[in-house]
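Values quoted throughout were computed directly from the atomic coordinates according to the rules given, and no laboratory measurement underlies them. If you're wondering where the values come from, they're calculated on a predicted model, not measured in any experiment. Virtual Cβ from ideal backbone geometry, glycine too; neighbours counted across all protein chains shown.
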Amino acid sequence: MTVTHSSEVTDAQRAEGKRAYELDRQHVFHSWAAQEPFNPMTVVKTQDSFMWDETGKRYIDFSSQMVNTNIGHQHPKVVAAIQEQAATIATIAPAHVSAPRSEAARLIAGRAPQGMDYVFFTNGGADANEHAIRMARLHTGKTKVLSAYRSYHGGTHLAVNVTGDPRRFASDTASTGTVHFLPCYPYRSYFHAETEEQEVARALENLENTIVLEGPSTIAALILESVPGTAGIYVPPPGYLAGVRELTKKYGIVFIADEVMSGFGRTGEWFAVDHWDVTPDLITFAKGVNSGYVPLGGVVINEAIYDTFRNRVYPGGLTYSGHPLATAAAVATINAMEDEGMNANATRLGNEVIGPGLQRLQEAHPSVGDVRGLGCFWAIELVTNRETKEPLAPYGSSSEAMGKVIAKCKELGLIVFANFNRIHVVPPLNTDDEVVTEGLAILDEALSVADQYY
Ligand code: PLP
């Protein structure tokens, strides 16, 4: 595998990158990291599905950063829209009408399921979930929130507590009214299911038992990623989301679909719920809405919940709600995605390139225990034994073996989104087929490292 050192990275960019690294280590406090051993990568340039470090080395971005650059890096239409907006109204209080916010709300509501016509803007995904839960609590007059184990909903207080992966352990979980339920996860079924149909039926039965035992009169909301992302891109089998919708209706619970990662084309549809024709009460979004060029998130709201606040103050807001630069970027992003057929391209890439490519890797490498995904949203689970499904890193943790696989990818010029024993293949939706194929070839080589632990 040849590693590309681009002459496009200038000496000035290299020097600036080196200085930035020194300053970072002196002054920046990093997320989800032990500060001292953390050794962040310096990025001096990005373009399309590529990024370059301070040595001029080029990497394929199979991570879309935090699974947000759905339209790739430095899309010219979005960059221009931000520049134009900055030159006219760079900022404005949320109480004022502003053209980019109105247009972004129209475009987003127009892509949500029917009857979801209102948009509340936030700065990102966690605060979108916090606001959705607050709306549900005020709407129902109830307090508890149900959420799945093996989920991720964000890093703020309530959002990290509804999160179902072990990252919540370090924060207070007792005061938030969160109750977790077992997810529908066929590969490692908690219900000893042998088929997807069994898994769906048993997961729904278990969820209904949880609702009944917790007391439906105490439960305001159920929050669920339509396709759980950070937790492993395990696509719900047919019938699961529809079953959740039915149960939430039956027991008067607000159904919040967290589409922060799965929304805006990632799965090939504007929202992942579209794959199963499910209409939740609230949808939270962020990331892909403007490809992360400027921080933005929000909640799409149905008529019933809007009604609660028609003549009653919604007690919540943010200084930057609907920020002009962020919403102008959203308008440009959504229009560019539409004009350039990116959702259809994500579907095609998933069906024709990524999916079959990963299946081939599973045939070639015993360490690939499971391959799953859709659109440009795929994960492989690495194991040391396919029978026992022993993971290459324990759940909730990293391992030397996983570290070596990820390091090998990086050495060969591929950046991946990895979590515990999984590698996620989540490139921008408009990545060239040849680039995806090149990335998969690097992954192929790196997986030989994982096989050594098998
Ligand atoms: N919800 C989901 C499904 C996510 O994947 C994430 C982030 O990865 C969040 C919420 C939190 O979003 P943010 O980091 O923008 O607060």
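When only the Cβ of Lys, Arg, Asp and Glu is charged (+1, +1, -1, -1), the dipole of segment 48-141 relative to its Cα centre reaches about 260 debye. Shape class of segment 109-203 from the Cα gyration tensor (axes a ≥ b ≥ c, square roots of the eigenvalues): oblate, since a/c reaches 1.5 or more and a/b does not exceed b/c. Taking 18 Å as the cut-off for C-alpha to C-alpha distance, list the pairs among 57/77; 18/45; 287/408 that go past it. Flagged as over cut-off: 57/77; 287/408.
Taking a ≥ b ≥ c as the square roots of the Cα gyration tensor eigenvalues, segment 204-356 comes out oblate, since a/c reaches at least 1.5 and a/b does not exceed b/c. Only one residue of 380, 366, 112 has its Cα farthest out toward the positive end of the dipole of the chain, where Lys and Arg carry +1 and Asp and Glu -1 on Cβ, and that residue is 112. Of 288, 128, 278, which is farthest on the positive side of the dipole of the chain, counting Cα position, with +1 on Lys and Arg Cβ, -1 on Asp and Glu Cβ, and the Cα centre as origin? Going by the Cα projections, it comes out as 128.
Can you bin the chain into rounded, prolate or oblate? Criterion: square roots of the alpha carbon gyration tensor eigenvalues sorted a ≥ b ≥ c, rounded for a/c under 1.5, prolate for a/b above b/c, oblate for the rest. Let's see the in-between values first.
Values: a/c = 1.66, a/b = 1.14, b/c = 1.45.
Since a/c reaches 1.5 but b/c is at least a/b, the shape of the chain is classed as oblate.
Using a cut-off of 19 Å between alpha-carbon atoms, which aspartates and glutamates can reach residue 404, once sequence neighbours fewer than 8 places away in the same chain are excluded? Correct list for residue 404: 61, 381, 390, 444, 445, 451.
Taking the Cα centre of segment 146-220 as origin, sum charge times position over the Cβ atoms of Lys and Arg (+1) and Asp and Glu (-1), and report the length of that vector in debye to the nearest 20. List each step's numbers first, then the result.
On the way: 5 positive and 9 negative charges, 73 e Å.
Charge dipole of segment 146-220: 360 debye, to the nearest 20.
With +1 on each Lys and Arg Cβ and -1 on each Asp and Glu Cβ, and nothing else charged, work out how big the dipole of the chain is about its Cα centre, in Debye to the nearest 20. Intermediate results must be reported in sequence, preceding the final value.
Working: 36 positive and 52 negative charges, 243 e Å.
The dipole magnitude comes to about 1160 debye.
Bridging of residue 249 to lysines at a Cα separation below 19 Å is possible for 142, 144, once same-chain residues fewer than 8 apart are set aside. Quick check: net charge around residue 386, other residues with Cβ under 14 Å of its Cβ, Lys/Arg +1 and Asp/Glu -1? Result for the local shell: -4.
Segment 1-74 and segment 395-429 have their alpha-carbon centroids 16 Å apart.
How about residue 250: which aspartates and glutamates have a C-alpha closer than 16 Å to its C-alpha, ignoring those fewer than 8 places off in the same chain? Candidates past the 8-residue exclusion: 205, 208, 214, 281.
With R₀ fixed at 56 Å, the C-beta to C-beta distance from residue 395 to residue 87 puts the FRET efficiency at about 0.70. Derived scalar couplings between HN and Hα for segment 283-290 equal 10, 9, 9, 5, 5, x, 4, 9 Hz in order, rounded to whole Hz, by the Karplus curve 6.51 cos²θ - 1.76 cosθ + 1.60 (θ = phi - 60°), x for Gly and Pro.
If you take the charge dipole of the chain about its Cα centre, with +1 on Lys and Arg Cβ and -1 on Asp and Glu Cβ, which of 43, 186, 217 is farthest toward its positive end? Ranked along the dipole, the leading option is 217.
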